[in-house]
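The values are calculated or read from the model by the stated rules, or taken from the named source; none is laboratory data. Just so it is clear, the structure is predicted and the values come from calculations on it, not from any experiment. In this analysis, Cβ positions are derived from the backbone assuming ideal geometry, glycine residues included, and neighbour counts consider all displayed protein chains. Just the protein is used for accessible areas: all its heavy atoms, side chains included, with ligands, DNA and RNA removed. Shrake-Rupley method; radii C 1.70, N 1.55, O 1.52, S 1.80 Å.
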Amino acid sequence: MLDFYVGAILLIAFFLLFVLAACRRSGKVAALQSDFEQADQLSATNVRLYRRQLAELEQQKADKQLTEAEYRNVQLELERQLLEDSQVEHPRSPLASPSAGKWLAIVGTLGCLVAACVVYHLKGSSEDVELFNVRNQVMQSAHPTIPHYIARFEELAQEQPDNPDVWAMLYPLYRDSGRYSDGVAALRHIIAISGHNPALDAELAQAEFFASGRKVTPEISQLIHKVEQEDPQQPTINSLAGFISFLHGDYAGAISHWRISLAGQQNPDDQSAIRGGIEIAQQRLQAQKNAQQATNDTSSAH
């Protein structure tokens, strides 16, 4: 988290430099604008326009397009317009003081930064930043083993017991280490914080199944039924149901569940394992059919 806060402070300081630089230049900018407005360029523009029109008028006179009287009348009209334009005043609103609004800009900027920090503290994911840092620390250590990961995440879970992401990191580590009871506890923490959903309930049923020594308890049966009702295509629950069917000799049921599970699996290792299970179940199912056929043939012979 320290790296995150240092980066945030540096970013805020960099932003404040832009605001302060603009405030410091406000006096110079105001002076330039004032000089520009005081140097009224309108009269000079009117004179240039008058001279250009007068030159065109003289050219028309030289080309015999105007008589002397017409020339004089138009010339007088141009001079009258020039005089009227020169006497017209163009009032401008006075410039505000360069210091006006300077402190308001600074206070407003600081207020926005404070508000952003408060909102991030209330709605942000500072705990996940800490989780990310802990994982990186373990990966960069000399011996990034699973027990090392578990130890560090358990420390973090003590500090952040209401962060479901910490328990979500611990659960697969417990599962892959054979610590199914701890995995069940981690899943219960996640469900207590985030609520039930078919994927979590399926993982819980699987973890409880292995934690109970591969025995189907009433609670496990209830979870399996609940998930199958909510999401019949859920891959984890179908994988578990297929395994239970296989253990009870229901190879056709195992094949059916595993095929559904295979369709939803994303992990290549899990896909390979399920295909291997389906192949074994097909062999045993065929052996069952052959044995049943042999029994029927023997009964017919007698």
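Taking the options 182, 162, name whichever one is in contact with a helix residue (DSSP H, G or I) (Cβ under 8 Å, 6 or more places away or on another chain), at pLDDT 80 or above and not in a helix (DSSP H, G or I).
162
Quickly run through segment 243-269 and pick out the residues that are farther than 18 Å from residue 224 by Cα and either open to solvent by 70 Å² or more (accessible area, probe 1.4 Å) or among the hydroxyl-bearing types (Ser, Thr, Tyr) (or both).
Hits for segment 243-269 are 251, 263, 266, 268, 269.
Regarding residue 10, is this residue under 30 Å from residue 114 (Cα atoms), open to solvent by 80 Å² or more (accessible area, probe 1.4 Å) and at pLDDT 75 or above?
Working: under 30 Å from residue 114 (Cα atoms): yes; open to solvent by 80 Å² or more (accessible area, probe 1.4 Å): yes; at pLDDT 75 or above: yes.
Spelling it out, residue 10 is indeed under 30 Å from residue 114 (Cα atoms), open to solvent by 80 Å² or more (accessible area, probe 1.4 Å) and at pLDDT 75 or above.
Yes/no matrix, rows are residues, columns are (1) in contact with a strand residue (DSSP E or B) (Cβ under 7 Å, 6 or more places away or on another chain); (2) open to solvent by 40 Å² or more (accessible area, probe 1.4 Å); (3) under 22 Å from residue 238 (Cα atoms):
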site	(1), (2), (3)
188	no, yes, yes
192	no, yes, no
195	no, no, yes
214	no, yes, yes
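Exactly one of (1) among the small types (Gly, Ala, Ser); (2) in contact with a Ser or Thr (Cβ under 6 Å, 6 or more places away or on another chain); (3) open to solvent by 40 Å² or more (accessible area, probe 1.4 Å) is unmet by residue 202. Its number?
With (1) among the small types (Gly, Ala, Ser); (2) in contact with a Ser or Thr (Cβ under 6 Å, 6 or more places away or on another chain); (3) open to solvent by 40 Å² or more (accessible area, probe 1.4 Å) applied to residue 202, the lone miss is (3).
I'd like the residue in segment 281-302 that is surrounded by 11 or more Cβ atoms within 10 Å (Cβ to Cβ) and free of Cβ contacts under 8 Å to residues at least 24 places away in the same chain and, out of all such residues, is nearest to the chain's Cα centre (by Cα).
283
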